[in-house]
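Novice: Could you have a look at this structure, given as structure tokens, before my questions?
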Amino acid sequence: MRSDRIICVAWTALSIGLLALPARAEPPRLPVPLVDQSGVAARGYFYVGGHYVGSNEPGKDVMDGQIYVEVLAPKEVRRPFPLVLIHGAGQTATNWMGTPDGRKGWAEYFVEQGYVVYMIDQPMRGRSAWHPADGATRMFSAQQEEFQFTASEVVGTWPQAKKHTQWPGDGPNKGRKGDPAFDAFYATQVETVISNEVTQAGNQAASAALLDKIGPAIILTHSQSGPFGWLIADARPKLVKAIIAIEPAGPPFENSINATGKARLWGVSDIPMTYDPPAKEASDIAVEREAKADGPDLFTCWMQKSPARQLINLKGIPSVVVASEASYHATYDHCTVKYLKQAGASVEFVRLEDKGIHGNGHMVMLEKNNLDIAHVLDEWVLQNMHAEAH
């Protein structure tokens, strides 16, 4: 009995002592960059889409084609529709979660503006499992990324490349292998399925399943995922309320800068889209190259021969294509816009330099002025979605 009383007194004293400890005045010091997430009220994740394959061989069923989705909710929803953020080739949702030098990313910024934000890992990528049957993959080398994204002012070959100033970092090795910001970015890169057809079909199906689950949303794409916006809208025109395409894969029908040869034979995609009059095959779309470029240092566009078939499921969906001043996309994104307009889509073209935003390359969500660009996108939504919200 005496020993029990001693133990009780000891625990009471310990409890009082713990309660008397002063609260920590500062957050814990961790060896990683931390950003303010006070605007996030709740977050979670789920998987959607996908189907079982291998059923013909008992015991070998696996799921294929599903996507990992992470959702962030604001304390107060102040924007008319959620944002679905879809990354480009070699990337994952980490593109939106911060920058290589530890600054706030677009996900937290948009939540602070009052959006519910969904971020995915594309099918067959990152946390969305790849299987050998999905096909061969490729990985960007450090040198390719320096050329395309991070040090184009030094190694880029297109005329606008020398204007690049916004990649984070300082010193003579800025944007190159060995620089801390570059190495932090390159560490995030992952394998990408080579086939554009397989990738686009998988993303169209999985993203349609996502919209079926969450309801109407605004689709924001970047780079390789650019065609997905048009394809998702083609599959779910009533659930796509707007499309924001940041430097979408292009131009229509022919590669430029990073590759040569034919591509996107359906205009803005490599897989079928709904045209009126219908096109059973890509070859049904009659095209011709314009006689001259729209200006110096610009790609000469391929357009449909008149009368142009119409992308009927894109009609009435507000969309915008955004290009930066120093990216390789500065040479040809205007062609994507012209083609979409000719096919009846409601699309606006924004060059960031016309908004007073200069020096950006392709990876705008990671560069030094990333939040200035996010502000431009939010302003576009507010201007174009007011009627939809009411």
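Novice: If you scan the range 264-282, which residues turn out to be surrounded by fewer than 20 Cβ atoms within 10 Å (Cβ to Cβ) and under 15 Å from Gly344 (Cα atoms)?
Specialist: Thr274, Asp276, Pro277, Pro278
Novice: Now for a separate question. Read through the list (1) open to solvent by 20 Å² or more (accessible area, probe 1.4 Å); (2) in contact with a Pro (Cβ under 7 Å, 6 or more places away or on another chain), then give the number of the only condition that Thr336 fails.
Specialist: (1)
Novice: Moving on to the next point. Since Val198 meets every condition but one in (1) modelled with pLDDT of 95 or more; (2) surrounded by fewer than 21 Cβ atoms within 10 Å (Cβ to Cβ); (3) more than 22 Å from the chain's Cα centre (by Cα), which condition does it not meet?
Specialist: Condition (3) is where Val198 drops out.
Novice: Residue pairs, Cβ under 7 Å, 6 or more apart or interchain, first in the range 41-56 and within 14 Å of Val69 (Cβ to Cβ), second open to solvent by 50 Å² or more (accessible area, probe 1.4 Å). List them.
Specialist: Qualifying pairs under 7 Å: Val48/Lys213; Gly49/Ala205; Gly50/Met63.
Novice: Still on this model: Under 7 Å between Cβ atoms, which residue pairs at least 6 apart in sequence (or on different chains) link something in the range 283-305 that is more than 21 Å from Trp158 (Cα to Cα) and open to solvent by less than 50 Å² (accessible area, probe 1.4 Å) with a partner that is of a type in the set (S, T, N, Q) and assigned to a strand (DSSP E or B)?
Specialist: Note: pairs meeting the criteria are Ile285/Gln304; Ala286/Gln304; Val287/Gln304.
Novice: Does the range 235-243 include one or more residues that are assigned to a helix (DSSP H, G or I) and either open to solvent by 10 Å² or more (accessible area, probe 1.4 Å) or of a type in the set (A, V, I, L, M, F, W, C) (or both)?
Specialist: Yes: the range 235-243 contains one or more residues that are assigned to a helix (DSSP H, G or I) and either open to solvent by 10 Å² or more (accessible area, probe 1.4 Å) or of a type in the set (A, V, I, L, M, F, W, C) (or both).
Here is a yes/no grid of residues against (1) of a type in the set (Gly, Ala, Ser); (2) over 17 Å from the mean Cα position of the chain (by Cα); (3) open to solvent by 20 Å² or more (accessible area, probe 1.4 Å); (4) at pLDDT 95 or above:
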site	(1), (2), (3), (4)
Ala345	yes, yes, no, yes
Met365	no, no, no, yes
Ile373	no, no, no, yes
Val376	no, no, yes, yes
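Novice: Scan the range 242-279 for residues that are in contact (Cβ under 8 Å) with a residue 40 or more places away in the chain and farther than 30 Å from Met385 by Cα and report the count.
Specialist: Of the residues in the range 242-279, 6 are in contact (Cβ under 8 Å) with a residue 40 or more places away in the chain and farther than 30 Å from Met385 by Cα.
Novice: Just to verify a result, which residue in the range 261-303, among those that are part of a strand (DSSP E or B) and over 28 Å from the mean Cα position of the chain (by Cα), is farthest from Cys335 (Cα to Cα)?
Specialist: So, considering only residues that are part of a strand (DSSP E or B) and over 28 Å from the mean Cα position of the chain (by Cα), the one farthest from Cys335 (Cα to Cα) is Asp276.
Novice: In the range 208-223, how many are buried (at least 22 other Cβ atoms within 10 Å of the Cβ) and in contact with a Pro (Cβ under 9 Å, 6 or more places away or on another chain)?
Specialist: Qualifying residue count for the region: 5.
Novice: Would you be able to tell me the number of residues in the range 353-363 that are surrounded by fewer than 16 Cβ atoms within 10 Å (Cβ to Cβ), of a type outside the set (Gly, Ala, Ser) and either modelled with pLDDT under 95 or assigned to a loop (DSSP other than H, G, I, E, B) (or both)?
Specialist: Result for the range 353-363: 1.
Novice: Right, here's the next one. Looking at the range 47-54, can you tell me whether even one residue there is loosely packed, with under 12 Cβ neighbours inside 10 Å, more than 16 Å from Ser128 (Cα to Cα), more than 20 Å from the chain's Cα centre (by Cα) and small (Gly, Ala, Ser)?
Specialist: No - not one qualifying residue is present in the range 47-54.
Novice: Check the range 84-96 and report whether any residue there is open to solvent by 50 Å² or more (accessible area, probe 1.4 Å) and in contact (Cβ under 8 Å) with a residue 40 or more places away in the chain.
Specialist: yes
Novice: Right, here's the next one. Does Pro180 satisfy being open to solvent by 50 Å² or more (accessible area, probe 1.4 Å), within 28 Å of Leu352 (Cβ to Cβ) and not small (Gly, Ala, Ser)?
Specialist: Taking the combined requirement at face value, the residue satisfies it.
Novice: For the range 269-313, give me each residue that is of a type outside the set (D, E, K, R), touching an Asp or Glu at 6+ places or on another chain (Cβ under 7 Å) and closer than 30 Å to Lys241 by Cβ.
Specialist: Ile271, Met273, Thr274, Cys301, Trp302, Met303, Gln310, Ile312, Asn313, listed by residue number.
Novice: Scanning the range 109-122 for residues that are touching a helix residue (DSSP H, G or I) at 6+ places or on another chain (Cβ under 9 Å) and not in a loop (DSSP other than H, G, I, E, B), which turns out surrounded by the fewest Cβ atoms within 10 Å (Cβ to Cβ)?
Specialist: Once the filter is applied, the top-ranked residue is Gln113.
The values are calculated or read from the model by the stated rules, or taken from the named source; none is laboratory data. The structure presented is a predicted model; accordingly, all values stated were derived computationally and were not measured. With ideal geometry, Cβ positions are generated from the backbone for all residues, glycine too; neighbour counts draw on all protein chains shown. What goes into the accessible areas is simple: the full protein's heavy atoms, side chains included, and nothing from ligands, DNA or RNA. Shrake-Rupley method; radii C 1.70, N 1.55, O 1.52, S 1.80 Å.
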